2 protein chains.
Amino acid sequence: MSKAPSPTRIQKKNRAAILEAALEMFSTHGFRGTTVDQIATQAGLSKPNLLYYFPSKEAIFAELMEALLDTWLDPLRALDPDGEPLDEILAYVQRKLQMSRDFPRESRLYANEIVQGAPRLGDTIATDLKALVEEKSALLENWMTAGRINRTHPKHLLFSIWSLTQHYADFDVQVRTLMGDEDPYDAAPDYLETLYRRMLTPRT
Amino acid sequence: MSKAPSPTRIQKKNRAAILEAALEMFSTHGFRGTTVDQIATQAGLSKPNLLYYFPSKEAIFAELMEALLDTWLDPLRALDPDGEPLDEILAYVQRKLQMSRDFPRESRLYANEIVQGAPRLGDTIATDLKALVEEKSALLENWMTAGRINRTHPKHLLFSIWSLTQHYADFDVQVRTLMGDEDPYDAAPDYLETLYRRMLTPRT
DNA sequence: CTATGATTTGACCAACTGGTAAAACTCACG
DNA sequence: CGTGAGTTTTACCAGTTGGTCAAATCATAG
């Protein structure tokens, strides 16, 4: 069996600092646009020192991506089959919007990766994400068939939720430039709630 | 006055080939992720030969961006104050969706730039785009005040249109992976039309 | 054909980048 | 305090990259 060497206090601190710095840099400059030196400096280390903690630039990115995906799908997983459909969906939208506000860098890291064709992520999308999406769109389909929400295309519904919420993180610069003083997140929750309520409330 | 040397046949052909190749590479690998050699090869030229037509990698990118922005805003410019509000908006949505289908690389190029903080575009957004957005959101505001469409936040309305339509180009890999055989653009027009119709049709 | 400007190429370079090796230092623990 | 593992630094390297330059080649008007 492989012995897991328990990390020292310094290891824990430095690995965390590196991942934090890497998230900052990768999310704004992309993988190729980020240098190991930049990450090291941002983390307060020298380049060889950083490479003492991670074997390569790729390894840092990979670890970041893995952690990201795990938390990224949580809001969707939480969509409860036993809840009230409209409430469940609206709550999902708000959770997703909250993630854009709280973890914009993670959102941009993901966006960067997908826009460039998901070169380091393709498999995970095709398996984990795909499975989850199939499960949840079947659930949406059932709710529609039962007449509990308006009929529409379940997958496009999911895409629209992702796109609308992540837009506030991914296009943050543009959104803020165009909104001036007004904080985008002041009106966004209301806007999205209204949108999906009108979209999905069953016609009586 | 500066004399504009009229481009030869070869110049026209090669400059076009370079811009086409650069669009392909920049949109999938980003600025830093693309090498001049890659662009040259893709365009069927040698690297020094490419640099005979453009002074630098930056210059290629800049020319691409300028051309992009011009066409990118056309659909919004076409929003007609004298048209029937709901029809105008729905038509705008479809035009934008059509652009995602026809020019996905341009959409991804733009997305790449914005996600990374618009380092080479900041000014244009703050001036040209901002002016256009102010004008059109005032128009939307008027339509709402006149009760011709449901009241909502005009800028968030615009953001939502951009995000929903561009998502199909920017996240193309993810969308197609999750939809399997089904072509996303089969159902997308209908989905978006329904969404905005329900969202905006005035309550009688 | 030929001269002249337009185009293309091969050789090259300096800066940068990811990564390595080994020496030097630090720190916890007996 | 001493000692060995854990940590950090200095020096370095090989490959890549954006870009230059002068020579070679090509196209075409006269």
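Each value in this text was obtained by applying a stated rule to the coordinates, not by laboratory testing. The model shown is predicted, which means the values in this text are computed figures rather than measured ones. Cβ placement follows ideal geometry from the backbone for every residue including glycine, while neighbour counts extend to all protein chains displayed.
Modelled label positions at A:Glu20 and A:Arg120, each set 7 Å beyond Cα in the direction of Cβ, lie 2.1 nm from each other. For segment B:82-161, just say rounded, prolate or oblate: build the C-alpha gyration tensor, square-root its eigenvalues into a ≥ b ≥ c, call rounded for a/c under 1.5, and beyond that prolate if a/b exceeds b/c, oblate if not. In terms of gyration-tensor shape, oblate.
Other protein chain C-beta atoms within 10 Å of residue C-beta, averaged over B:175-181: 5. Taking 20 °C and 1.002 mPa s as conditions, segment B:9-61 diffuses translationally at an estimated 202 µm²/s according to Stokes-Einstein applied to its Kirkwood radius (Cα pairs). For A:Ile149, nonlocal amide neighbours, meaning residues 5 or more places apart or on other chains whose placed amide H falls under 5 Å from its own, are A:Met144. With a 10 Å cut-off around each Cβ of B:157-167, the average count of Cβ atoms from other chains is 5. Counting charges near B:Asn142 (Lys, Arg +1; Asp, Glu -1) among other residues having Cβ under 14 Å from its Cβ returns a value of -4. Partner chain Cβ atoms within 10 Å, averaged over the residues of A:122-133 - can you pull that number for me? Taking all residues of A:122-133 together, the mean is 2.
About its Cα centre, the protein assembly as shown has a charge dipole of approximately 920 debye under the convention of +1 per Lys or Arg Cβ and -1 per Asp or Glu Cβ, with nothing else charged.
What is the sum of charges, Lys and Arg at +1 and Asp and Glu at -1, for the other residues whose Cβ falls under 14 Å from the Cβ of B:Thr34? Kindly include the intermediate steps, with their values, before the conclusion.
Numbers: positive: A:Arg32, B:Arg32, B:Lys47, B:Lys57, B:Arg105, B:Arg108, B:Arg120; negative: B:Glu20, B:Glu24, B:Asp37, B:Glu58, B:Glu113.
In short, +2.
Between B:Glu193 and B:Asp128, what's the calculated FRET efficiency when r is the beta-carbon distance and R0 is 22 Å? Round to 0.05. Calculated transfer efficiency: 0.15.
Over segment A:144-183, all Cα pairs binned in 5 Å intervals from 0 give whole-percent P(r) values of 6, 20, 17, 16, 12, 9, 11, 7, 3, listed from short to long. Farthest towards the positive end of the charge dipole of segment A:113-168, among the residues A:Ala131, A:His153, A:Thr165, is the Cα of A:His153, using unit charges on the Cβ of Lys, Arg, Asp and Glu.
Each distinct pair of alpha carbons in chain A adds a 1/r term; the inverse of their mean, the Kirkwood radius, is 19.1 Å. The residue among A:Ala62, A:Ser27, A:Asn49 whose Cα reaches farthest toward the positive pole of the charge dipole of segment A:9-63, with charges on the beta-carbon of Lys, Arg, Asp and Glu, is A:Asn49. Using the Cβ-Cβ distance between B:Glu66 and B:Thr41 with R0 = 22 Å, the FRET efficiency computed as 1/(1 + (r/R0)^6) comes to roughly 0.35.
Across the cross-link table entries A:Lys155/B:Lys155; A:Lys57/B:Lys130; A:Lys13/B:Lys57, which are compared at the Cα atoms, the separations over 29 Å belong to A:Lys57/B:Lys130; A:Lys13/B:Lys57.
In this Cβ point-charge picture (+1 for Lys and Arg, -1 for Asp and Glu), chain A has a dipole of about 500 debye about its Cα centre. Normalised by residue number, the volume inside the convex hull of the Cα atoms of the protein assembly as shown is 202 Å³ per residue. Here each label is just a point 7 Å from Cα along the line to Cβ, and for B:Tyr52 and A:Arg95 those points are 6.0 nm apart.
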